[in-house]
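K.L.:
I'd like to ask some things about the structure below.
The values are calculated or read from the model by the stated rules, or taken from the named source; none is laboratory data. Given the structure is predicted, the values throughout are model-derived calculations rather than measurements. We place every Cβ from the backbone using ideal geometry, glycine too, and count neighbours over all the protein chains shown. Note: areas computed on protein heavy atoms with side chains; ligands, DNA, RNA excluded. Shrake-Rupley method; radii C 1.70, N 1.55, O 1.52, S 1.80 Å.
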Amino acid sequence: KVAAEMEAQQLATTTLAITKLNAPSRDTLKTLAKAARLRIADCKAQDLDNLASAFSRHELQFRSPKLVAALARAGAALLGRAHVPPRNMANLVMAVAKLSSMCKHECEGTEELSAAVAADLTAERLGELNLRDLANCAWGLAIMGDPPRRCMKAIARQAALSLDGFSAQETSKLLYAM
C-alpha cells in the first residue's frame, strides 16, 4: 500500500535501496514492480536508471515482461523528449537487456528502446560515454536483439579509439556485442 502512494523518485530510490540492502522477497518485488509500472511515466532519467538497475539485480528470481516493457517504453519516450545523461542511458539499456533476457518470451518495448538509443547515439554523444558505459550500451543493445548496424559501427569506431583502456570484462562485452 505504501509503495502505491509514493512519487516516482521516492519509489525508484526506495526500490534501489531495498535491493542493495538485502534480497527482497518475491512478493515485495511484485509490489514494487506494480507500483513502478503505475508511476513510470513520471520517472526522470535517474529514476528509470534506479528502477531498472534495482530489478535487474534480481532477474533470476523475478521475471516481469510487463515491467520490462514499461521500462523500455519509458526509456524510449524519455530519450525522444529530453537529454538523458550518458550513464543513465547506458545503465538503463544494460538493465533492460538483463531483464528481457530472463523472460521466456520476447519482451515488448525493447525494439523501441534500441531504436531510441541508436537515434540518440550521435558521434558527439558516443564521445560522452566512458569506456564502461560504452561497453554496457553495446552489450545491452546486442542482447535486446538486432541492434541497428549503423549504431553498432559507430560504437565500434568509438571503442577503437580507446581499446587499451577497456577492462577484460568491458572488452568481453564489446566483443560479444560486435
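K.L.:
What is the percent of Cα-Cα separations in the chain that go past 30 Å?
P.N.:
In whole percent, the share of Cα-Cα pairs in the chain beyond 30 Å is 15.
K.L.:
Label-point separation (nm) for residue 160 and residue 4, each offset 7 Å from Cα along Cα-to-Cβ?
P.N.:
For residue 160 paired with residue 4, the spin-label model returns 5.5 nm.
K.L.:
R0 = 22 Å: FRET efficiency of residue 115 with residue 172, Cβ-based, nearest 0.05?
P.N.:
Result of the calculation: an efficiency of 0.30.
K.L.:
So with the 1.4 Å probe, I'd like the accessible area per residue for region 1-58, rounded to whole Å².
P.N.:
54 Å²
K.L.:
Here's a follow-up. Across bins of 10 angstrom width beginning at 0, how are the C-alpha pair distances of region 33-127 distributed, in whole percent?
P.N.:
Once binned at 10 Å, the Cα pair distances of region 33-127 give 18, 55, 24, 3.
K.L.:
Which loop-located trypsin sites (Lys or Arg not before Pro) does region 1-109 contain, where loop means any DSSP state but H, G, I, E or B and the Cβ has at most 14 other Cβ atoms within 10 Å?
P.N.:
Numbers: sites: 1, 20, 26, 30, 34, 37, 39, 44, 57, 63, 66, 73, 81, 87, 98, 104; in loops: 1, 44, 57, 63, 104.
Answer by residue number: 1, 104.
K.L.:
For region 93-156, with every protein chain kept in place, what is the accessible area per residue (1.4 Å probe, Å²)?
P.N.:
Normalised by residue count, the accessible surface of region 93-156 is 46 Å².
K.L.:
Oh, and also: How much length would be gained if the chain were fully extended between residue 108 and residue 122, taking 0.36 nm per residue of separation minus their Cα-Cα distance, in nm to one decimal?
P.N.:
2.5 nm
K.L.:
Summarise the accessible area of the chain (1.4 Å probe, protein heavy atoms) by the percent that is carbon and sulfur. Walk me through the intermediate numbers first.
P.N.:
Working: 4780 of 9190 Å².
The nonpolar share, carbon plus sulfur, comes to 52 percent.
K.L.:
To the nearest 10 square angstrom, how much accessible area does residue 64 have with a 1.4 angstrom probe?
P.N.:
20 Å²
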